[in-house]
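These notes concern the structure reproduced below.
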Ligand code: MG
């Protein structure tokens, strides 16, 4: 069976007064990711992992921030569109693993709900999704709570 891996990465600033939506889950936090869309860096990194593995365009090409269509967009809708395209390209999603590096919202209490939500969006069991939070050991701008960086990796299998 043909298997392919894909890697995604995203960084967003965290700004006061923005809703804090990560992994499709709204978190009670005074800052949230800035962006043309809702700024959900977790879903954006997952999109790039999926499109990378499937040989499709990346998130910025599919949903350019110069296009008013995507202003304030719910990234869950973008991910669902990508899942559709990945399926059309002949792939099934095996698993997705995510690392969120931030000193902003605490990730650990949100892990279970992120796994459920991402699994639902990808139409796979939550057990096929993992999410980990990392702190930044006081190093750099991200460590001052000014942003968050996300890495995502996925495995796709060619549909039989
Ligand atoms: Mg992004």
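The values are calculated or read from the model by the stated rules, or taken from the named source; none is laboratory data. Predicted model only: the values in this text are computed from it and were never measured. Positions of Cβ are backbone-derived with ideal geometry, glycine not excepted, and every protein chain shown enters the neighbour counts.
Structure data summary
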| read-out | value |
| --- | --- |
| Residues located in the stretch 2-23, provided they are within 30 Å of residue 160 (Cα to Cα) and part of a loop (DSSP other than H, G, I, E, B) | 2, 23 |
| Among (1) under 22 Å from residue 158 (Cα atoms); (2) at pLDDT 95 or above; (3) more than 16 Å from the ligand (Cβ to nearest atom) - the single one residue 7 does not satisfy | (3) |
| Boolean, residue 106 is over 29 Å from residue 28 (Cβ atoms) and either more than 16 Å from the ligand (Cβ to nearest atom) or touching a strand residue (DSSP E or B) at 6+ places or on another chain (Cβ under 8 Å) (or both) | no |
| Count - residues of the stretch 126-142 that are surrounded by fewer than 19 Cβ atoms within 10 Å (Cβ to Cβ) and part of a helix (DSSP H, G or I) | 5 |
| Tally of residues being part of a loop (DSSP other than H, G, I, E, B), within 13 Å of the ligand (Cβ to nearest atom), in contact with a strand residue (DSSP E or B) (Cβ under 9 Å, 6 or more places away or on another chain) and under 15 Å from residue 24 (Cβ atoms) across the stretch 40-84 | 1 |
| Given (1) within 10 Å of the ligand (Cβ to nearest atom); (2) in contact with a strand residue (DSSP E or B) (Cβ under 9 Å, 6 or more places away or on another chain); (3) part of a loop (DSSP other than H, G, I, E, B), index of the condition residue 29 fails | (1) |
| Residue 101 modelled with pLDDT under 95, within 15 Å of the chain's Cα centre (by Cα) and either outside any helix (DSSP H, G or I) or surrounded by fewer than 15 Cβ atoms within 10 Å (Cβ to Cβ) (or both) | no |
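Yes/no per residue for (1) buried (at least 18 other Cβ atoms within 10 Å of the Cβ); (2) not in a strand (DSSP E or B):
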{"residue": "96", "(1), (2)": "yes, no"}
{"residue": "111", "(1), (2)": "yes, yes"}
{"residue": "124", "(1), (2)": "no, yes"}
{"residue": "148", "(1), (2)": "yes, no"}
